[in-house]
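K.L.:
Please find one structure pasted underneath; my questions will follow.
The values are calculated or read from the model by the stated rules, or taken from the named source; none is laboratory data. Bear in mind that the values here come from a model prediction, so they are computed numbers and not experimental data. Neighbour counts run over all protein chains shown; Cβ positions are idealised from the backbone, glycine included.
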Amino acid sequence: MNKIGFIGMGNMGRAMSKGIINEFGKDNVLFKEASLEMMEQFSRETGIMYKENVADLAKESKYIILAVKPQVYQAVLEELKQFVDQKHIIISIAPGISINDVKNILGTSIRVVRAMPNTPAMVAEGMSALCFSNDEYSNVDKDTIERIFNSFGKSVILDEKLMNAVVGISGSSPAYVYIFIEALADAAVKYGIPRDLAYTLAAQSVLGSAKMVLETKEHPGKLKDQVCSPGGTTIAAVATLEETGFRSSIIKAVDSCYDKCVSVGERK
């Protein structure tokens, strides 16, 4: 009963599953989806088994990842609660849904891990934040959970009170970055650079810049200063970004994401 079971296999579930399959082997991963046709297709693509009902998935899986939309979480938990006990570990990845929200339905004795991964998991560059319920976890359990999330990128452990902020900072931020890349590419096309080359120039620049931050451990402001020569082209561009509220727009976007997470929790 040490297998990893997914309930839901949408975009986020698929993004996570590739790394998990590589790390643990296809025989140790199961899933369930609403559509039989989808389950059959995904099983053919990946080689992992599907279960047609929650009872069978819970019987074979110790670690159960709830990869469904927040609006159906309660229904899924209500269905699941009769099939789980203290031996299981439930991993929730829904924004705005707290550990207590899950325990209130499944039972206070059920162990729950709240996590927020992101879709770059698809290319093994995901970023996940984790927090554990105040229950007893063995070293093997903790190691396995970290292995699950590190199999498709990097993970950090933090206090649950910070999880709503994590949604805006890493969970949803790939969308902001894609908009930035698209805007850079549009500017390149404006000046005659072919569209495919424009995306390559923009995306590789973002990738390289992020790698500089992670590998040099330098403050982003210092790295920015290194590109800005006195009286040069880059500082002119940076000045325009400041004039048009670039930083403020990013912060306000995260604020909106945070507020939405709070409202999801209140509507549960």
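K.L.:
Can you confirm whether region 41-50 contains a residue that is aliphatic (A, V, I, L, M) and touching a Phe, Trp or Tyr at 6+ places or on another chain (Cβ under 6 Å)?
P.N.:
no
K.L.:
List every residue pair whose Cβ atoms sit under 6 Å apart, with the two residues 6 or more apart in sequence or on different chains, where the first one lies in region 48-62 and is surrounded by 19 or more Cβ atoms within 10 Å (Cβ to Cβ) and the second, anywhere, is charged (D, E, K, R) and assigned to a loop (DSSP other than H, G, I, E, B).
P.N.:
As it stands, the answer is Leu57/Lys51, since those pairs meet every condition given.
K.L.:
Is there a residue being in contact with a Phe, Trp or Tyr (Cβ under 6 Å, 6 or more places away or on another chain), touching a residue at least 60 places away in the same chain (Cβ under 8 Å) and closer than 25 Å to Arg247 by Cα anywhere in region 155-164?
P.N.:
yes
K.L.:
Is it the case that Asn22 is in contact (Cβ under 8 Å) with a residue 60 or more places away in the chain and farther than 16 Å from Pro117 by Cα?
P.N.:
Spelling it out, Asn22 is indeed in contact (Cβ under 8 Å) with a residue 60 or more places away in the chain and farther than 16 Å from Pro117 by Cα.
K.L.:
For region 123-136, check the following and say yes or no: at least one residue is in contact (Cβ under 8 Å) with a residue 60 or more places away in the chain and surrounded by fewer than 16 Cβ atoms within 10 Å (Cβ to Cβ).
P.N.:
Yes, region 123-136 has at least one match.
K.L.:
Taking the condition in a helix (DSSP H, G or I), of a type in the set (A, V, I, L, M, F, W, C) and under 24 Å from Phe149 (Cα atoms), does Ala75 pass?
P.N.:
no
K.L.:
Applying the selection to region 237-264, what residues are within 18 Å of Ile99 (Cα to Cα) and either more than 18 Å from the chain's Cα centre (by Cα) or among the aliphatic types (A, V, I, L, M) (or both)? Walk me through it before giving the result.
P.N.:
Filtering region 237-264 for residues within 18 Å of Ile99 (Cα to Cα) gives 258, 260-264.
Within region 237-264, Val262, Ser263, Val264 qualify.
K.L.:
Condition first: under 24 Å from Ala253 (Cβ atoms), outside the structural domain of Met12 (by TED's automatic domain parsing), not small (Gly, Ala, Ser) and not in a helix (DSSP H, G or I). Can you find one or more residues in region 209-221 that meet it?
P.N.:
So the first thing to find is which residues in region 209-221 are under 24 Å from Ala253 (Cβ atoms), and the list is 209-214, 219-221.
Adding the requirement that they be outside the structural domain of Met12 (by TED's automatic domain parsing) leaves 209-214, 219-221.
If we keep only those that are not small (Gly, Ala, Ser) too, we end up with 211-214, 219-220.
Restricting the remaining residues to those that are not in a helix (DSSP H, G or I) gives 219.
Yes, region 209-221 contains at least one residue that is under 24 Å from Ala253 (Cβ atoms), outside the structural domain of Met12 (by TED's automatic domain parsing), not small (Gly, Ala, Ser) and not in a helix (DSSP H, G or I).
K.L.:
Also, I was wondering about something else. Identify all residues within region 1-38 that are in a loop (DSSP other than H, G, I, E, B) and of a type in the set (Ser, Thr, Tyr); write none if there are none.
P.N.:
Ser35
K.L.:
Pull up region 1-13, narrow it to residues that are within 24 Å of Lys81 (Cα to Cα) and not small (Gly, Ala, Ser), then point me to the one that is modelled with the lowest pLDDT. Talk me through it step by step, then tell me what you get.
P.N.:
From region 1-13, those within 24 Å of Lys81 (Cα to Cα) are 1-10, 12-13; that's our starting set.
Then keep just the ones that are not small (Gly, Ala, Ser); that gives 1-4, 6-7, 9, 12.
On the way: Met1: 62, Asn2: 84, Lys3: 95, Ile4: 98, Phe6: 98, Ile7: 97, Met9: 94, Met12: 93.
Step by step, filter region 1-13, then rank; the result is Met1.
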